[in-house]
Amino acid sequence: MAEVLVLVDHVDGAVKKVTLELLTLARSLGEPSAVFVGSGVDAAAGELTEYGAANIYVAESSDLTAHPVGPVADLLASLVAEKSPAAVLIPSTATGKEIAGRLAIKTDSGVVTDAVDISSDLVATLSVFGGELVVNAKVSAGTPIFTVRPNSVAPEAAAGAGARSDVAATVSESSAKATVAESVKEEKGARPELAEAGIVVSGGRGVGGADGFQIIEALADSLGGAVGASRAATDAGWYPHQFQVGQTGKTVSPQLYIANGISGAIQHRAGMQTSKLIVVVNKDPEAPIFELADYGVVGDLFDVVPQLTAEIQSRKG
């Protein structure tokens, strides 16, 4: 069985959920092999093994982390040449997409970004043209490279061998031209990370202002979810831009997405329409977002959302 390389997304050994999803997906395509770049592998190895990693290729050299993106593509290219994998799976983040593009050039291979599923014969399912179409795509040259959206696959544990191998890669001259001058660790709050959250509660123009997001946050906290916002809300300064959901913001695919006071412009829909269950609260019954809704409430979010939060809290109690 051919290997499937999975690039591990982690912070100092704390493995992100999307990596476990990719290892689960890789098991249906071949033999999963995790590629770990940076420090902290001892903390990560157990979890990677638990979710199916037959091999863990470890590159701890500071040369690979001193420069952004390029050295990781160099490392993956060397592994592709050595291992001849069936495919390479990379998290569909901004960094992951850049690595995938560089890797495709280095290996003369095709690349598919933002896949939401990959069949056993390596046909990817994805949304295109702002979510207007769902298509299938297959790489026709080289080693298939896929970036996969977080929350597209439910992670399932199935222990692998977890055999560790230390690997090295020569950083190319072009990859070393940019250097990481400083890294600042973002303070992690109590809520889950937006792109990986299983539940997302978002607010839009209908929230009316920054203070209006307090009820959005309260509902998200009652569900243990993340908070999102539409572009209109972030552009107005009501909520930080890093929480924007949409084509020019974060792409999310949670189990539950609750859209409050969001009209449903194409830009926003492209970032959340692959959510498994979509609930909409909007006082405009003609709002385009209702076209995506599994459940919709026509009403004032300032009446509906607090009642929903109170009901959830009462059932938890």
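Key figures for this structure:
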item: Too-long pairs where the Cα-Cα distance tops 25 Å, listed order kept, from LYS106/LYS177; LYS17/LYS283; LYS185/LYS316; LYS17/LYS106; LYS106/LYS185; LYS185/LYS276; result: LYS17/LYS283; LYS185/LYS316; LYS17/LYS106; LYS106/LYS185; LYS185/LYS276
item: Inter-part distance where segment 104-134 and segment 240-264 are each reduced to a Cα centre, Å; result: 22 Å
item: Per-residue Cβ neighbour rank within 10 angstrom, fewest leading, PHE213, PHE146; result: PHE213, PHE146
item: Global geometry of segment 219-287, whether rounded, prolate or oblate, following the gyration tensor of its Cα atoms and the 1.5 cut on a/c; result: rounded
item: Footprinting exposure proxy for VAL41, VAL207, VAL88 (fewest neighbouring C-beta atoms within 10 Å first); result: VAL41, VAL207, VAL88
item: Considering only segment 194-316, percent of DSSP beta bridges that pair antiparallel, nearest 5; result: 0 percent
item: Footprinting exposure proxy for ILE266, ILE278 (fewest neighbouring C-beta atoms within 10 Å first); result: ILE266, ILE278
item: (1) -0.34, -0.66, -0.80; (2) -0.56, -0.96, -1.08; (3) -0.39, -0.72, -0.84, with the label sought being that of the calculated log10 I(q)/I(0) by the Debye sum over Cα atoms at q = 0.08, 0.11, 0.12 Å⁻¹; result: (3)
item: Coil-residue GluC sites (Glu not before Pro) of segment 185-255, DSSP, other Cβ within 10 Å capped at 14; result: GLU186, GLU187
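Laboratory data are not the source of any read-out in this text; all were calculated from the coordinates shown. Remember, it's a predicted structure, so these values are computed and weren't measured experimentally. Methodologically, a virtual Cβ is constructed for each residue, glycine included, from the backbone with ideal geometry; neighbour enumeration extends over all protein chains shown.
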